[in-house]
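What follows is a set of notes on a single structure, which appears directly below.
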Amino acid sequence: MKRKILYSGAAAALLLMMTGNLWAAEEIVLDSGATAWMLTSTALVLLMVPGLAMFYGGLVRSKNVIGTMMHSFTAMGVMAVLWVIVGYSMSFGKGVLGGWFGWEPSYIFLSGIDTAIMPQGIPEYVFSMFQGKFAIITPALIAGAFAERVRFRGYVLFIALWGLIVYNPLCHWVWSGDGFLFNMGAAGAIDFAGGTVVHISAGVSGLVAAVYLGARRGYPKTAMRPSNLVMTLMGAGLLWVGWFGFNAGSSISSGLATAQALTATQVAAAAGALVWMLVEGLHQGKATALGFVSGILAGLVAVTPAAGVVKPAGAMALGAIASVLCYLAIIMKDKLGYDDSLDAFGIHGVGGIAGAIFLTFFIRKSWMAAAAAAAGGQWSIWQQLGVQVVAVLVAIVYAGLLTYLLVLLVEKTVGLRAAPQDEMAGLDHSFHGEHGYGMLNAS
Amino acid sequence: MKLITAIIREEMLDQVREALIDAEITRITVNRVSGHGRQESLDIYRGKKVVPNLIPKIRLDIAVNDEFVDITVNTIIKAAKSNSGGKVGDGKIFIMPLEECIRIRTEERGGSAI
């Protein structure tokens, strides 16, 4: 589990500065090992964003590659700035407005944590930056659902608003010490590294936006072939590497829990990839590269909420289950005919839901024993399953509803859906005045 | 028999192709080409506006029997013209006499091979 974030951390540090009370300094010990790993994890999670840009960029047509990669890169700018200004406060401050989101004035511009060391032995700056990376990648994931057909300025406004009123509250509910999902049941809803907060919220939001905005021109009649699967494979590789920071870093420590999460992550990704290849091979007769990397992602997404509580066999099962369900979801998409262009819902939504629900059956005994102790003797997996289902439903309903309102708002003000002429010319030329693949034409 | 070569805007390809298919002209060859015309197309790189010397275009090559020339040409013109009556850069169509056409598989020649 993510450790409870104590507001007293920042407060104590402030007090320390003001009073110069030296004996208190002995109580806050910096753990250089944990700090070093958390710094590394922070960098690894950031690496996932260019990884995602490559993954998505390779999957779109050549006229949209810059626009699509910019959807990821822009998030690094917009979300990082918002996170420092108010995001960290809204996520990890004390609950306000009935616990809707957090608020802590000393977190605005991170002004109050300049010298804060957290109880886990890491500087609060590191924790804040680590969490900030999650706030960057989540809206970037959504962009896959409505790829190749949105206006750039509309997209920027959308992710800024989405980060503020969808991501920050969800993050607060699930990971902040006084969040209602953090405290639900015996030991809280299990979301180790962002199954609900990141993947379900992004997947469901993507689905809602994609359905509202409508399909790309010509979909599904016109074949829309990926511009560069080589880049997609490299992006998927970077995502897998970065995911070690995402999951193992979410232990906010450098020790046993970190190792457990790292192992689960590796195993789930590998099992997901293999199962996808197998299913596709049986179904289509060929094992595709895009299928293999989709399986990697399905496994990684499913193990994200579970990495802290499952053993390797459980992680393997989760990766396999998620691959099969995601594969079926994508077939279902083609039947239903909505245009979730790069399967943000099909992989992140479905994989996240599968992971958050099915992890219940693979929780290690020590966690259940601790939960039983916390509940005063008894805690069954069925009770935990109830908690998980509630957390998933909360994420689906909240993200879905708010995204609908935001998409409506952005579409009616600055416009989100690209004009037909701009869409035909491609996002690159229409919104950025550039071309991604200069070498395609003599120039 | 005639060989019709059309140079059109990149972004019009889908529209032109769909229109041709609707008109039952389904045997076409498509190329990416670059060229000079009267159009200027602006790109921006690091704040500097750049007018590329060569502008990317799409080239369609369509071999047709004489009775299909008009419908092919009219379909392309209708689908490739920009909104509001056309703009500089919409492209050109060239029509050339076609001496022979051979289908490799059957070795048949002339109009029936098209």
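Please list, in order along segment A:150-167, the HN-Hα scalar couplings obtained from phi with the Karplus expression 6.51 cos²θ - 1.76 cosθ + 1.60 (θ = phi - 60°), rounded to whole Hz, x for Gly and Pro.
With coefficients 6.51, -1.76 and 1.60, one gets 10, 6, 5, 5, x, 4, 4, 4, 4, 5, 4, 5, 4, x, 5, 9, 10, 5 Hz.
Compare the peptides A:278-290, A:194-206, B:70-82 by average per-residue count of other Cβ atoms within 10 angstrom and give them in order, highest first. Could you put the intermediate results ahead of the total?
Values: A:278-290: 13.3, A:194-206: 30.7, B:70-82: 16.7.
Ranking, from highest mean packing down: A:194-206, B:70-82, A:278-290.
Can you pull the percent of segment A:7-423's accessible area that's carbon plus sulfur, 1.4 Å probe, other chains left in place? Intermediate results must be reported in sequence, preceding the final value.
Working: 10920 of 15110 Å².
The value for segment A:7-423 is 72 percent carbon and sulfur by accessible area.
Mind checking the full-extension length gain between A:A259 and A:W103? Use 0.36 nm per residue of separation minus the Cα-Cα distance, one decimal, nm. Intermediate results must be reported in sequence, preceding the final value.
Numbers: separation 156, 0.36 × 156 = 56.16 nm, distance 3.30 nm.
In short, 52.9 nm is gained.
For each pair in A:K63/B:K87; A:K63/B:K81; A:K63/B:K49; A:K335/B:K57, compute the distance between the two Cα atoms and list the pairs where it is over 31 Å.
Values: A:K63/B:K87 21 Å; A:K63/B:K81 20 Å; A:K63/B:K49 19 Å; A:K335/B:K57 35 Å.
Beyond 31 Å between Cα atoms: A:K335/B:K57.
Can you list the lysines whose alpha carbon sits under 24 Å from that of A:K333, skipping same-chain ones fewer than 8 residues off?
In chain and number order, the partners are A:K221, A:K286.
Could you tell me the calculated FRET efficiency between B:F94 and A:A43, based on Cβ-Cβ distance and R0 = 60 angstrom, to the nearest 0.05?
Values: r = 57 Å, r/R0 = 0.94.
So the FRET efficiency works out to roughly 0.60.
Give me the net charge for the shell around B:K81: Cβ to Cβ below 9 angstrom, other residues only, Lys and Arg +1, Asp and Glu -1.
Details: positive: B:K78, B:K87; negative: B:D90.
After counting each charged neighbour, the total is +1.
Using the beta-carbon distance between A:F361 and A:M234 and R0 = 60 Å, what value does 1/(1 + (r/R0)^6) give for FRET efficiency, to the nearest 0.05?
Step by step, r from the Cβ atoms, then E = 0.95.
Below 8 Å, C-alpha to C-alpha, sequence gap of six or more: please give me the relative contact order for segment A:288-381 in percent. Intermediate values should be presented prior to the final figure.
Details: 98 pairs, mean separation 33.7, N = 94.
After rounding, I find 36 percent.
Could you please report the charge total around A:G214, scoring K, R as +1 and D, E as -1 over all other residues with beta-carbon less than 10 angstrom from its beta-carbon? Walk me through the numbers before you get to the answer.
Numbers: positive: A:R149, A:R216, A:R217, A:R417; negative: A:D339.
Around A:G214, the charge tally is +3.
Would you list, by chain and number, the lysines whose Cα falls below 22 Å from the Cα of A:K133, excluding same-chain residues fewer than 8 positions away?
Result set, ordered by chain and number: A:K2, A:K4, A:K94.
Expressed as a whole percentage, what fraction of the accessible surface of segment B:2-113 belongs to carbon and sulfur atoms when a 1.4 Å probe is rolled over the protein heavy atoms?
Percent of accessible area from carbon and sulfur atoms in segment B:2-113: 50.
Using alpha-carbon positions, what is the distance between the centroids of segment A:63-141 and segment A:304-329, in Å?
Value for the Cα centre distance between the two parts: 28 Å.
Along its three principal axes, how long is segment B:1-101 when you only count alpha carbons? Whole Å, largest extent first please.
Answer, in whole Å and largest first: 51, 29, 19 Å.
State, as an integer percentage, the relative contact order of segment A:305-443 based on alpha-carbon contacts under 8 Å between residues 6 or more apart.
Here the relative contact order equals 21 percent.
Have a look at segment A:398-442 and report residues whose accessible surface goes down by 20 Å² or more when the remaining protein chains are included, against the chain on its own, probe 1.4 Å, ligands and DNA/RNA excluded.
A:Q421, A:M424, A:A425, A:H429, A:G433, A:E434, A:H435, A:L440, A:N441, A:A442
Convert each backbone phi in segment A:182-195 into a coupling constant with the Karplus relation 6.51 cos²θ - 1.76 cosθ + 1.60 (shift: θ = phi - 60°), then list the ³J(HN,Hα) values in order as whole Hz, x for Gly and Pro.
Values per residue, Gly and Pro as x: 4, 10, 6, x, 6, 9, x, 5, 7, 9, 4, 10, x, x Hz.
Excluding A:G77 itself, what net charge comes from residues whose Cβ is under 15 Å from its Cβ, given Lys and Arg +1 and Asp and Glu -1?
+2
How much area per residue is accessible in chain B when the probe is 1.4 Å and only protein heavy atoms are counted (Å²)? Could you put the intermediate results ahead of the total?
Numbers: 7370 Å² over 114 residues.
Result: 65 Å² per residue.
Chains A and B: how much accessible area gets covered up at their contact, both sides added, probe 1.4 Å, in Å² to the nearest hundred? Mind showing how you got there, number by number?
Working: alone 17130 and 8080 Å², together 23750 Å².
Rounded to the nearest hundred, the buried surface is 1500 Å².
Separation between the B:R32 and B:R109 pseudo-spin-labels, each 7 Å from Cα along Cα→Cβ, expressed in nm?
3.8 nm
Across the Cα atoms of segment A:7-423, what radius of gyration and what greatest pairwise Cα-Cα distance (Dmax) are found, in Å?
My reading of the Cα-based Rg and Dmax gives 20.9, 72 Å.
How far apart, in nm, are the 7 Å Cα→Cβ label points at B:S84 and B:D14?
2.2 nm
Restricting to Cα pairs below 8 Å that are 6+ residues apart, what does the relative contact order work out to for chain A? Please round to a whole percent. It would help to have the intermediate numbers written out before the result.
Numbers: 889 pairs, mean separation 104.4, N = 443.
Relative contact order for chain A comes out at 24 percent.
The values are calculated or read from the model by the stated rules, or taken from the named source; none is laboratory data. If you're wondering where the values come from, they're calculated on a predicted model, not measured in any experiment. Here Cβ is always computed from backbone atoms with ideal geometry, including for glycine, and neighbour counts include all displayed protein chains. Ligands, DNA and RNA are stripped out before the accessible areas are found, and what is left, the full protein with its side chains, is counted by its heavy atoms. Shrake-Rupley method; radii C 1.70, N 1.55, O 1.52, S 1.80 Å.
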